[in-house]
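Down below is the structure, laid out as structure tokens.
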Amino acid sequence: MKKLKFDTICVKENHETPNGGSHILPIYASSAFSYNDIESSIDVFTGKSEGYVYSRYGNPTVASVEKKLAALETIDLEESGFCIMTSSGLSAIMTLATSLLQSGDEILTQANLYGGTTEIFSKILSKYGIKSHFINLSDLSKVEDALSSNPKIKLVYCESPTNPTLSCVDIKATADLCQKYKAHSCIDNTFCTSYLQRPLTLSVDFVVYSTTKFLNGHGNGLAGAIIGKNGEHKKTVWNHMKLMGTNCNPFDAWLVHNGLKTLSVRMDKHSDNALAIAEFLLNHPKVNKVNYPGLSTNAFHTMASTQMSQYGAMLSFELDGGIEESKRFMNETKLCSITSTLGNADTLLLHPATSSHLNIPKEIREKEGITDGLIRVSVGIENKEDLISDIGDTLDRLRS
Ligand SMILES: *Cc1c(COP(=O)(O)O)cnc(C)c1O
């Protein structure tokens, strides 16, 4: 059979079923797996045959979802890849970083990362002698200067687009620099998913996910994933996951399995709705600025177009009136909820200055474009006319 397309892989059940077995992937709620004779058990323990032993090492439900996530991420590569699911997005990042790095190694990354990731780098890994440098990764000459002058940098870690101002990094050029200077490259692809952007195809070594967001898509479970090309690192990453106990539980993996069935249709609609809302906001007199790489006026539009197939659900915009008007906007919309996650089917709002960026001094966050008037939107898959009419009515009621 010809290689299956993305949306077919999303939908197709991939677990083994005996005659009369469950059509939909079952949840293996079992901590351990048993063997009829000690010889078979020994074969599995010594790696002679494949099998499950204990759910921290691997679980059939989790394995089915891992297989699907790896297939989606590597769909346009010759070689196959591996996926290891973890208990959350942050545990995926922590598991990968500890697998790849040793005390004395350094990380090159950007200032505008997901908040928890910044804290892992600056507060936890730093305790174990792993230092991080936070620069603007969109500036390739700065990346090359750092890599060429500092051989201790062993990992370049990025997000594109970033939170909450949606700036982008040239993924292929950054990954090529990593190859030149022998550093690993890793991207957090949570905002895009492999449906919109495939970093492994752009020469990146590892992709991490908070599957909590778009891959699950329904806001009802927490999990993460590490995906890479097959090779020496698969075993190391698996070993770290197993020993640190950062494994994904089968129920949360199963929720991702459910979410994946509609991934392509959801991402199409998220992207279509977000572009329509971004264009509406851009033309609204009470809005100062709209950050969305899908807008042709956006500074990252050309770069994003080479690496994203559509521009996703995430956007942010700045209201003219500062903090009071942004609070009013958030309180008065009827369809959008004030919820500090993203990637759900419904539209979610976040006010970075009073939540995710509360502890960052105003002068510093304003330099990054995170002003008091900035609102982040995770655009849902509602009818776009309803969303635009709710957002428009709310804006009309504001003073400024
Ligand atoms: C939510 C998020 C994370 C953290 O994921 P958890 O599943 O909450 O641990 C990491 N990166 C990005 C971009 C996120 O949005």
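Pairing the Cα long axis of helix 322-332 with the longest principal axis of the chain, what angle in degrees results, from 0 to 90 and rounded to the nearest 10? Value to nearest ten degrees: 70. Oblate is the label for region 1-119, because the ratio a/c of its alpha-carbon gyration tensor axes (a ≥ b ≥ c) is 1.5 or higher and a/b is not greater than b/c.
Compared with the dominant Cα axis of the chain, that is its longest principal axis, helix 263-282 is turned about 20°.
With protein chains left intact and a 1.4 Å probe, residues in the chain average 45 Å² of accessible area per residue.
Using alpha-carbon positions, what is the distance between the centroids of region 241-289 and region 318-370, in Å? For region 241-289 versus region 318-370, the Cα centre distance is 18 Å. From most to least packed by mean Cβ count within 10 Å, the peptides 51-57, 74-80, 236-242 give 236-242, 51-57, 74-80.
Helix 171-180 and the longest principal axis of the Cα set of the chain meet at an angle near 50°. Shown in residue order for region 122-137 are the 3J(HN,Hα) couplings computed by the Karplus curve 6.51 cos²θ - 1.76 cosθ + 1.60 at θ = phi - 60°: 8, 10, 9, 4, 4, 5, 9, x, 10, 9, 10, 10, 9, 10, 8, 6 Hz (x for Gly and Pro).
Indicate, rounded to the nearest 5 percent, the antiparallel portion of the DSSP beta bridges found entirely in region 130-243. Here the share of antiparallel DSSP bridges comes out near 40 percent. Each Cα pair under 8 Å and six or more residues apart adds its separation to the average, and for the chain the resulting relative contact order is 16 percent. Taking a straight Cα-Cα cut-off under 20 Å and skipping sequence neighbours fewer than 8 places away in the same chain, the lysines within cross-link reach of Lys327 are Lys286, Lys289, Lys362. In terms of the mean number of neighbouring beta-carbon atoms within 10 Å, the peptides 271-280, 133-142 order highest first as 271-280, 133-142. Taking the 1.4 Å solvent-accessible surface of the chain as the whole, the part contributed by carbon and sulfur is 53%. Normalised by the number of residues in region 194-350, the mean separation of alpha-carbon contacts (under 8 Å, six or more apart) gives a relative contact order of 24 percent. For the peptides 162-170, 262-270, the ranking by packing is 162-170, 262-270, with the highest mean count of neighbouring Cβ atoms within 10 Å listed first. Region 30-47 and region 100-156 have Cα centres spaced 42 Å apart. Among the listed pairs Lys142/Lys172; Lys142/Lys182; Lys5/Lys213; Lys5/Lys67; Lys213/Lys367, which have their C-alpha atoms separated by more than 20 angstrom in this model? Result: Lys5/Lys213; Lys213/Lys367 exceed 20 Å.
The values are calculated or read from the model by the stated rules, or taken from the named source; none is laboratory data. Worth saying up front: this structure is predicted, and the values here are computed from it rather than measured. Glycine also receives a Cβ, built like all others from the backbone with ideal geometry; neighbour counts cover every protein chain displayed. Quick note on the areas: whole protein, heavy atoms, side chains included, nothing else; ligands and nucleic acids left out. Shrake-Rupley method; radii C 1.70, N 1.55, O 1.52, S 1.80 Å.
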